[in-house]
1. Could you tell me which helices of chain B pass both thresholds, a Cα extent of 30 Å or more along their own axis and a mean Kyte-Doolittle hydropathy of at least -0.5, with helices taken as whole DSSP H runs?
2. Going 7 Å from Cα along the Cα-Cβ axis for the label, what nanometre distances separate residue A:242 from the same residue across the other copies?
3. Distances in nm, one decimal, shortest first, from residue B:277 to the same residue in every other copy, taking the label point 7 angstrom along Cα→Cβ.
4. Tell me, in nm to one decimal, what length is gained between residue B:266 and residue B:239 on full extension, where the rule is 0.36 nm per residue of separation less the Cα-Cα distance?
5. So what are the protein assembly as shown's ellipsoid semi-axes, whole angstrom, largest first, if each one is the square root of 5 times an eigenvalue of the alpha-carbon gyration tensor?
6. Residue by residue through A:271-277, how many Cβ atoms from other chains fall within 10 Å of the Cβ on average?
7. Over the C-alpha atoms of the stretch B:218-334, what are the Rg and the largest Cα-to-Cα span, Dmax, in Å?
8. What is the local net charge at residue B:189, summed over the other residues whose Cβ is closer than 14 Å to its Cβ (Lys, Arg +1; Asp, Glu -1)?
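Where a number appears in this text, it was derived from the coordinates with a stated rule and is not lab data. Because the structure is predicted, anything quoted here is derived from the model rather than measured. Cβ placement follows ideal geometry from the backbone for every residue including glycine, while neighbour counts extend to all protein chains displayed.
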There are 2 protein chains.
Amino acid sequence: MVAAPVSKARAEATPVDRLHALLATDMAAADRLIHDRLGSTVALIPDLAKHLIDSGGKRLRPLLTLAAARLGGYQGAAHIRLAAAVEFIHTATLLHDDVVDLSTLRRGKIAANVVWGNKPSVLVGDFLFSRAFQLMVEAGDIAVLDVLAGASAVIAEGEVMQLKSSSNLGTTESDYLRVITAKTAALFSAAGEAGAMISAHSRKLSDALRSYGHNLGIAFQLVDDALDYSGRQAQMGKSVGDDFREAKVTLPVILAFQRADEEARRFWTRTIETGPQHEGDLKRAIHYVEQSGAIDETRARAQHYADEACQALAALPPSDIRGELIDVAEFCVGRGY
Amino acid sequence: MVAAPVSKARAEATPVDRLHALLATDMAAADRLIHDRLGSTVALIPDLAKHLIDSGGKRLRPLLTLAAARLGGYQGAAHIRLAAAVEFIHTATLLHDDVVDLSTLRRGKIAANVVWGNKPSVLVGDFLFSRAFQLMVEAGDIAVLDVLAGASAVIAEGEVMQLKSSSNLGTTESDYLRVITAKTAALFSAAGEAGAMISAHSRKLSDALRSYGHNLGIAFQLVDDALDYSGRQAQMGKSVGDDFREAKVTLPVILAFQRADEEARRFWTRTIETGPQHEGDLKRAIHYVEQSGAIDETRARAQHYADEACQALAALPPSDIRGELIDVAEFCVGRGY
């Protein structure tokens, strides 16, 4: 479904880039607002927040809010505030995640908790979370606030569920799906729905965008979790193995463990459940995961959710934005190969 | 200003108890809602949240919201939701504080971060914070949401400021006042204002309650900080010295350091700025603080703010609730002696 390339530059641009281009004015306004609102007389707050916010994230979630508002023909300015709010919620959860996971890297940069310590990361996360709600209040639509406040609670529930499944090979596929639906898909879904709701009170649009966001979020997380065990990624010098080192039980591990022989089961039990992990374990984990077909199957599931995401948009009239959203879903599944 | 005792039981009740009694039906409803809304299918969330919420806190902040609503003659049910939201915000900040301060005790119980670890404490704090906003959305007043979202951002700013003043004897009285105004008074102020706003759109009532809460919050924190260096508290077996061990620079330390001779200055520099602290240091710190008059002066400042709090209510017509709020302010200053 990718549009035929019309120029070299266009051929090189990803669908995410093209969506950014279609929404360039709105996205620039959202970026300005994001930088404006992370300001505080307490200098550490913008210093720490900018470290993460300017670290090259793709702004997928606010992009989804802006796209949804445009699909609804929205003419006001509240969608800019909602897009900034969505990015603040996302950034707050990343800051807290990195504290919880004891991460040392985030988007290839040293994580904020390593530079400034855990304490400011927790508190600046709280600050950004509060700012997000202030922005939503300014947007002025209480039904939208409800959707985003609900998503925030669900995200926290997902993170707690994930803690429980950590180091636990008894985690089932359905446990895993519940975790990623809550920790990742809930915000994608709310980001799309919020943009649609502010622009139109047609249930059709907000249902479509909620479903698109939900399915895209699941597909996105499945691919993320597959890439963390990708030998090809490792060959390309990209970071892999974070989930393995943190003993997170993601779908690639669940599937590989299901198909494991005695020796492989002992390996997974040691590396994920009891420890310790040794040098060379990651390479062996990648081998088991790839050889068992778990990566291909995880990607196949991602493809299914991406298809569902595209399907959710089928009810809407064709437009440039709709076209790019469809391509974004396809692109998310294909990325990293 | 304390009402004359009419019975033994009444004589023993504090003004906080009497305010609870006046608002018993509302407070019971708020408590039910609090317990209802900390529910989650993820069992760890209510387990951890209840540990703190049922640990005998006085519910001063939600009490203030309920009292304000009654002063405004409010007849609806939204004040119950706001009171629960205020308590959730407070509980979320306590959970994150204990992670930030590496606390081991909270309200005389083992702190949640010690029982369950830092990770769930951070995430359950996020959950409660989100639930607070969901409750505010249900209350349905966007201006009230604005007040409480603003207070939440200010609290986080105050906590970050406090980190900066930690271990820093260059912290001035005005730095300290900024910290406690943000980290403590902002929520007391917003709790009162929110209750007033939901009940009446009279600026007079919401101004009065905002000012009362602000001044009460400062007085409350000043007394808390004085009690942490109280030899008498220590004799009574109550916990003292938390701030000292965490090298927090509170007003008692600022004043004692200002009045210190060479030897005492060396002591404060070692114990607060450079470390290490030794056994017997807390006793010596309490001696210096008390002997310098810093405790009496901290209490005198608290009395000033309590007087301001009472003054803020002078514009309102007399009533049982107004009377108890005035007594609560006086009681907060007198407590612990």
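1. Span-like helices, by this rule, are B:78-101, B:118-139, B:142-165, B:203-227.
2. Listed shortest first, these distances are 3.4 nm.
3. Its label point is 3.7 nm from the equivalent points in the other copies.
4. So the chain would gain 7.2 nm between residue B:266 and residue B:239.
5. 47, 30, 22
6. That average works out to 0.
7. Cα only, the stretch B:218-334: 16.7, 55 Å (Rg, Dmax).
8. -1
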